[in-house]
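All remarks here apply to the structure that follows.
The values are calculated or read from the model by the stated rules, or taken from the named source; none is laboratory data. None of these values were measured; they are calculated from a predicted model. Cβ atoms come from the backbone with ideal geometry, glycine included; neighbour counts cover every protein chain shown. Calculation scope for accessible area: heavy atoms of the full protein, side chains included, ligands and nucleic acids excluded. Shrake-Rupley method; radii C 1.70, N 1.55, O 1.52, S 1.80 Å.
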Amino acid sequence: PKPGPLAGRHALVTSGPTHEPIDPVRYIANRSSGRQGHAIAAALAALGARVTLIAGPVTVPDPLGVSVVKVETAAQMLSAVQVALPADIAVLAAAVADWRVAEPQVGKIKKQPGAEVPALRLIPNPDILATLSQPGPARPRLVIGFAAETDDVIAHAIAKRLRKGCDWLIANDVSPASGVMGGAENEVHLITAAGVEDWPRLPKDAVAARLAARILQELTGETP
Ligand code: C5P
């Protein structure tokens, strides 16, 4: 870690999608480039935090000065998060698949002419954010989640913050018209116990820097 006002603090960040195997060549996943989560990891490291980035399969490069743990599935992401604890700060920006295939096939499912289309039985994945938000000695001081919504963004995000038990929730509009998904910019709302802050549309790097500054202020009262 480099010197900075978050020196001595450990931040854990999840980023990217998870891939849940159907068979060795097929998977189900959410859309996620990892750009916002990776930028947040870099911004926290730039303020001196020791950062563990737990990343699903992405093509964006590893941020410098961050230790990166690469995972595929939600179950692996949860274990990697638990191994990385304790942490002072957790920012869970990954787009975790809500379900996984109950019985992934060991061999490739063959496409045979005339044969039935395979049916997939799905089972729920663990909710990493809700798990990490549970009160207890291992709970990070500040747990921050994301809510990607396509309608009623604020109302859904306020409800989600309470349901998950996290401290802050960053809500963004990912409807196709917003251009946020996979794009370079993001327009977010920071939901805390105190209320809602509307941030301007900014490059994802700038959203990350602003969030890191806000985290610093919350933990130390300082500004970068
Ligand atoms: O419930 P939903 O997927 O909309 O919640 C989004 C937030 O919860 C994000 O912060 C995401 O990283 C986190 N999450 C998680 N584990 C899941 C599902 C979502 O950590 N299985």
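Just a few scattered comments:
- Segment 36-52 and segment 1-25 have their alpha-carbon centroids 9 Å apart.
- Å² per residue, accessible surface of the chain at 1.4 Å: 51
- The fraction of accessible area contributed by carbon and sulfur in segment 149-197 is 54 percent, rounded to a whole number (1.4 Å probe; ligands and nucleic acids excluded).
- Cα centroid separation - segment 163-183 against segment 80-125, whole Å: 22
- The modelled label-to-label distance for the pair K70/Q134, using points 7 Å beyond Cα in the direction of Cβ, is 3.1 nm.
- Nearest-20 debye value, segment 55-136 charge dipole, Cβ charges on Lys, Arg, Asp, Glu: 400
- Accessible-area composition of segment 46-116, carbon plus sulfur, in percent [1.4 Å probe]: 55
- For the chain, the longest principal axis of the C-alpha atoms and the axis of helix 74-84 are separated by about 30°.
- Aspartates and glutamates with Cα under 16 Å of K108, excluding same-chain neighbours fewer than 8 positions away: E20, D23, E116
- Cα gyration tensor, segment 67-187 - rounded (a/c under 1.5), prolate or oblate: oblate
- At most 14 other Cβ within 10 Å, DSSP loop - trypsin sites (Lys or Arg not before Pro), segment 21-121: R31, K108, K110, K111, R121
- A straight Cα-to-Cα reach below 23 Å connects K70 with the lysines K2, K204, residues fewer than 8 places away in its own chain not being considered.
- With DNA, RNA and ligands ignored, accessible area of D152 (1.4 Å probe; Å², nearest 10): 110
- The average projected area of the chain, computed from the convex hull of its Cα atoms over all directions, is 13.6 nm².
- More than 19 angstrom apart: percent of Cα pairs within segment 144-224: 36
- For H19, the accessible surface of its heavy atoms amounts to roughly 30 Å² (probe 1.4 Å, protein chains only, rounded to the nearest 10).
- Every helix of 4 or more DSSP H residues in the chain counts as -39500 (n - 2.57), and over all residues that averages to -8000 deg cm²/dmol at 222 nm.
- Rolling a 1.4 Å probe over the protein chains gives T73 an accessible area of about 20 Å².
- Check: the chain dipole with +1 on Lys, Arg Cβ and -1 on Asp, Glu Cβ, in debye: 520
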